[in-house]
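Everything on this sheet refers to the single structure shown next.
The values are calculated or read from the model by the stated rules, or taken from the named source; none is laboratory data. As the structure is a computational prediction, the values presented were derived from the model and not from experiment. Cβ placement follows ideal geometry from the backbone for every residue including glycine, while neighbour counts extend to all protein chains displayed. Ligands, DNA and RNA are excluded from the accessible area calculation, which covers all protein heavy atoms including side chains. Shrake-Rupley method; radii C 1.70, N 1.55, O 1.52, S 1.80 Å.
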Amino acid sequence: MKRFKPLVTVLFIVYCLCMLWLLFGQRLDSTRDGTYFEELRSMLFPFQTIVQFVRIIVTGKPADVVPHAWQNLIGNVVMFMPVGMCLPFFFSRCRFAKSTFLIGLLIVTCIELTQFFTLLGSLDFDDFLLNMIGIMLGFAVFKLFWAKMRD
């Protein structure tokens, strides 16, 4: 595992820079329709966004929103899997689910609050939930890989 550390470190830095751009940078020039607090009110109720996107995917209506629904649901999970894989890789304390979960919780909370206070994104409970699922799936992938490497 130690021989992979420089490569994984470089890849993780590139990943972090890409995530910073996706989460904050690409929104620097965006404008909002309506007030921010009107949008926020609809995003704090658990599962509202997830249910809405699943309904769009299942019904296929409106058809032009279906790709966005898939992108939002899958993207919020997949984009955070590297965090769950790299935390235990870099920090031996994170080789336990509880530690990875708690640090992941801190990371996602910081991201969501930064988006809220900078107005460069939205504070959305469903994004929070999907990001945490991604982190824990990434942790599971790490554990499977780690078990194979130790055999």
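At-a-glance table
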{"read-out": "For the stretch 81-151: accessible area per residue (Å², 1.4 Å)", "value": "54"}
{"read-out": "Span-like helix ranges in the chain, DSSP H, alpha carbon extent 15 angstrom or more, Kyte mean at least 0.0", "value": "5-23, 48-59, 66-78, 97-118, 125-150"}
{"read-out": "Sites residue 54 and residue 19 - FRET efficiency at Förster radius 30 Å, r taken between beta-carbons, to 0.05", "value": "0.75"}
{"read-out": "Options [x] 103, 69, 46; [y] 47, 36, 22; [z] 53, 34, 25 - which one matches Cα extents along the principal axes in Å as calculated here", "value": "[z]"}
{"read-out": "Spatially proximal lysines relative to residue 98 (Cα-Cα < 27 Å; intrachain offsets below 8 disregarded)", "value": "2, 5, 143, 148"}
